[in-house]
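Input: a single structure, listed below in structure tokens.
The values are calculated or read from the model by the stated rules, or taken from the named source; none is laboratory data. Computed from a predicted model, the values in this text were never measured in an experiment. Don't worry about glycine lacking a Cβ; one is built from the backbone with ideal geometry, like all the others, and counts go over all protein chains shown. Just so you know, the surface numbers come from the protein's heavy atoms only, side chains and all, with ligands and any DNA or RNA stripped out. Shrake-Rupley method; radii C 1.70, N 1.55, O 1.52, S 1.80 Å.
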Amino acid sequence: MLLAMDISNTNIKFGLYHNDVMKQHWVVSTARQRTTDEYAMVLSDLLRHAGHTFDDIHDIILSSVVPPLTPVFQDLALRYCHKEALVISHQVDLGISYLIDNPWEVGSDRIMTTLAAHQLYKGPALVIAFSTATTFDVISKQGDFLGGAIAPGLMISAEALSSAASRLFRVDLTPPRSALGKNTIANMQSGIIYGHVGLVQGLIKRLCAEIPDVTDAGEVKIVAHGGLAQLMAPLIPEIQYVNQYLPLEGLRLAYNYLRRI
């Protein structure tokens, strides 16, 4: 089986594939201080609960935007699975052109979602990740990465608001019944959530207008993923697809591509 690992600032996603079908998936919190052995024990427990062991893993592919953890998981692959992990970066040829100023700045997570969005939904496409940051990745009809935008995520915005204003406090990220709040909690929820909706809708409109060879914004596939996608997608009608496995699917597709060449 193929083990795909997506290491982000907030969570680490594991996907176990057999014949291109995801058999199991797990999400654990990212902890930079954990050692190889600690992460190995976590993964071993997850595998055992699903009826598998490290011996069932035949190949490993990973993407990481947390540099200190990349060698940790490479070491895990070698010591516990006896496999060398394939690590995704802009230097790995996946048939994607990076039509931006500095290709080395592109996170491997964005590379994976670019590949997955193009293969699964065709192009042009706009991928929105609702996570620590809210990122927008723009993909051409040909599947090339055109750039995008990065905005503070919902959690960052909420924490900044409560920490910077002495009379405000943390609130649940639940959409209020109306934008017109009648108390402090509803005011904050409206500003944080509906304000973010406005930010996302504004950037969707601007980014779609700048995609080459697109005459109608309706051509652009809008795909969302990330921990807060389920909260935000119902509030943003422009979003057509929610796929929480998009980074893992990108890793699967990258593995298949590299195995063929």
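Filter segment 211-239 down to residues that are without any contact (Cβ under 8 Å) to a residue 40 or more places away in the chain and not β-branched (Val, Ile, Thr), then give me how many there are. Spell out the reasoning first.
Here is the first cut: in segment 211-239, the residues without any contact (Cβ under 8 Å) to a residue 40 or more places away in the chain are 215-218, 230, 233-234, 236-238.
Subset that is not β-branched (Val, Ile, Thr): 216-218, 230, 233-234, 237-238.
Of the residues in segment 211-239, 8 are without any contact (Cβ under 8 Å) to a residue 40 or more places away in the chain and not β-branched (Val, Ile, Thr).
Could you check Gly218 against (1) assigned to a helix (DSSP H, G or I); (2) surrounded by 16 or more Cβ atoms within 10 Å (Cβ to Cβ) and say which number it fails?
(2)
Filter segment 60-92 down to residues that are assigned to a loop (DSSP other than H, G, I, E, B) and over 17 Å from Ile111 (Cβ atoms) and give me whichever is least open to solvent (accessible area, probe 1.4 Å). Before the answer, list the steps.
Keep residues of segment 60-92 that are assigned to a loop (DSSP other than H, G, I, E, B), which gives 65-66, 81-85, 88-92.
Subsequent filtering for residues that are over 17 Å from Ile111 (Cβ atoms) retains 81-84.
Details: Cys81: 8, His82: 134, Lys83: 69, Glu84: 155 Å².
Ranking the qualifying residues of segment 60-92, first place goes to Cys81.
A quick yes/no check of all residues on (1) closer than 30 Å to Thr53 by Cα; (2) more than 12 Å from the chain's Cα centre (by Cα):
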residue	(1), (2)
Ala77	yes, yes
Val87	yes, yes
Ser97	no, yes
Thr113	yes, no
Tyr121	no, yes
Val127	no, no
Phe130	no, no
Ala133	no, no
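Collect the residues in segment 93-124 that are in contact (Cβ under 8 Å) with a residue 40 or more places away in the chain, among the charged types (D, E, K, R) and either buried (at least 24 other Cβ atoms within 10 Å of the Cβ) or under 15 Å from Leu246 (Cβ atoms) (or both), keeping them in residue-number order.
Step one: of segment 93-124, the residues in contact (Cβ under 8 Å) with a residue 40 or more places away in the chain are 93-100, 107-109, 111-117, 119-124.
Next cut, among the charged types (D, E, K, R) only: 93, 109, 122.
Across segment 93-124, the qualifying residues are Asp109, Lys122.
Please specify each residue of segment 25-57 satisfying the condition of being open to solvent by less than 60 Å² (accessible area, probe 1.4 Å) and in a strand (DSSP E or B).
Within segment 25-57, Trp26, Val28 qualify.
Which condition from (1) in a helix (DSSP H, G or I); (2) under 23 Å from Ser108 (Cβ atoms); (3) touching a helix residue (DSSP H, G or I) at 6+ places or on another chain (Cβ under 6 Å) is the one that Ala224 breaks?
Only one criterion is unmet by Ala224, namely (1).
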